[in-house]
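The values are calculated or read from the model by the stated rules, or taken from the named source; none is laboratory data. Bear in mind the structure is a predicted one, so any value in this text is a computation, not a measurement. A quick note on method: Cβ atoms are made from the backbone with ideal geometry, for glycine too, and the neighbour counts reach across all protein chains shown. With ligands, DNA and RNA removed, areas are computed over all heavy atoms of the protein, side chains included. Shrake-Rupley method; radii C 1.70, N 1.55, O 1.52, S 1.80 Å.
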Amino acid sequence: MTSTTVDTLRFATAGSVDDGKSTLVGRLLHDSKSVLTDQLEAVERVSQSRGQDTPDLALLTDGLRAEREQGITIDVAYRYFATARRRFILADTPGHVQYTRNMVTGASTAELAIILVDARNGVVEQTRRHAAIAALLRVPHIVLAVNKMDLVGYEEKEFERIVEDFAGHAAELDLPGFTPIPVSALAGDNVVDRSTRMDWYECPALLRHLESVPVGGDRSGEPARFPVQYVIRHAEIRYYAGQLVSGSLRVGDRVTVHPSGETSAITGIDVLGEDAREAYAPQSLTLRLADQRDVSRGDMITTGADVPSLTRDVRAAVCHLADRPLRVGDRVLVRHTTRTVKAIVKDLAGAAELSANDLGRITLRTAEPLALDDYADSRRTGAFILVDPADGATLTAGMVDLEEAGSHA
């Protein structure tokens, strides 16, 4: 008897106000039989109390009291469900412009983003904003879900008009591509099952697409990046613990420690308490080196010639998350993988300040070098956050742009 591994897709949803995103997510959960009986009964009771003839599936996702009372999504809500083919982690993010930072949080680890559009309104400013965030965060797969097709008579020409409009914006943003799907979340068309009312659409329904899109690319072939999380000393031996975020490591490999530049060789690897000859991303492990090197938490261990860029001048695209503005001259902490260093904001691409939810560009000068990869190459070692040194509050999310840095060198 053979067993098959069921993989996991992390995906995020985003839509403008009244695009029907909560209903779409609710329909996805309901029709995939991922809703508990007592949850459905509670939704039915609330729907009946409001005079609705059918259950309002949006109530399955709008979990906060304020969300239910206002009929909007405010916070990022994570939903977990599964089918026979795949497990899913859904980040249901708000659509309002004042909650852009919430979408950044939800989409930062997503491998797919569903951008919802109302078929009556087409591509609007918030649609373009969501596409820009997806491009900024390098989300590998994009679905354009054109919702409320029932309200435009399930007309193919209305769908094609919106797809053509979105394609123009996607090209400007350098999005790698997108999959358009016409749906009616309220009626259930093309959400879990193919619609009989849109026979002109010949591709899979939304759920089947989510089940089949490639996920979790093999990171073992990428350059090795091992940020040190802990240094463990035992019987005069130093062990370096952490998670291998990309690439592979083998006993005997020559390694370089950043930022010091010291070199050594791997003499031992432990994975889950067992000796191993090799390890692959994203395994957690401990390393032993041949030499007693000065390695600390926050150092990066790499192999081969493809090493990260070591710099104190950081240029990046950012989304400001905090309520208090970020200004030129502000002193901040930069948290990059397991390393935290002091820095000063040198430039905001000509802007006086960044306010909550603003997207922009930043130049930082750090007190100590950081070993950076371009975010386009690595979403793990190319990302960082800025932290307020006074209270530890998260200020800004950043995506490193080494090409931009090189153009200013």
- Among (1) assigned to a helix (DSSP H, G or I); (2) within 15 Å of the chain's Cα centre (by Cα), where does I142 come up short? (1)
- Name the pairs whose Cβ atoms lie under 9 Å apart, with the first residue in the range 108-122 and on the phi > 0 side of the Ramachandran plot, the second among the aromatic types (F, W, Y) and crowded, with 22+ Cβ neighbours inside 10 Å, and 6 or more positions between them or separate chains? G122/F166
- Task: Could you run through the range 145-180 and say how many residues are in contact (Cβ under 8 Å) with a residue 12 or more places away in the chain and either in a helix (DSSP H, G or I) or touching a Cys at 6+ places or on another chain (Cβ under 7 Å) (or both)?
- Result: 15
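So that you can scan it fast, the table gives a plain yes or no per residue for (1) under 17 Å from the mean Cα position of the chain (by Cα); (2) of a type in the set (S, T, N, Q); (3) on the phi < 0 side of the Ramachandran plot:
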| position | (1), (2), (3) |
| --- | --- |
| T340 | no, yes, yes |
| T363 | no, yes, yes |
| P369 | no, no, yes |
| Y375 | yes, no, yes |
| I385 | yes, no, yes |
| V400 | yes, no, yes |
| E403 | no, no, yes |
- Task: Of the numbered conditions (1) at positive phi; (2) modelled with pLDDT under 80; (3) buried (at least 19 other Cβ atoms within 10 Å of the Cβ), G20 fails exactly one; give the number of that condition.
- Result: (2)
- Output the number of residues of the range 355-374 satisfying the condition of being within 19 Å of C319 (Cβ to Cβ), open to solvent by 10 Å² or more (accessible area, probe 1.4 Å) and of a type outside the set (D, E). 7
- For T109, which of the numbered conditions (1) within 17 Å of the chain's Cα centre (by Cα); (2) not in a loop (DSSP other than H, G, I, E, B) fails to hold? (2)
- Query: Could we say that T303 is closer than 20 Å to S220 by Cα, out of contact with any helix residue (DSSP H, G or I) (no Cβ under 6 Å at 6 or more places or on another chain) and among the polar types (S, T, N, Q) here?
  - Reply: yes
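Conditions (1) outside any loop (DSSP other than H, G, I, E, B); (2) open to solvent by 70 Å² or more (accessible area, probe 1.4 Å), marked per residue:
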| residue | (1), (2) |
| --- | --- |
| Y201 | no, no |
| P204 | no, no |
| L207 | yes, no |
| L210 | yes, no |
| V215 | no, no |
| P227 | yes, no |
| Y230 | yes, yes |
| A241 | yes, no |
| L249 | yes, no |
- Query: In the range 142-157, which residue that is surrounded by fewer than 19 Cβ atoms within 10 Å (Cβ to Cβ) and out of contact with any Lys or Arg (no Cβ under 7 Å at 6 or more places or on another chain) is nearest to P214 (Cα to Cα)?
  - Reply: E156
- Message: When the residues of the range 119-141 are narrowed to those that are in contact with a strand residue (DSSP E or B) (Cβ under 6 Å, 6 or more places away or on another chain) and surrounded by fewer than 22 Cβ atoms within 10 Å (Cβ to Cβ), which ends up nearest to G177 (Cα to Cα)?
- Response: H141
- Residues of the range 255-279 classified as closer than 26 Å to R312 by Cβ and of a type outside the set (G, A, S), total: 7
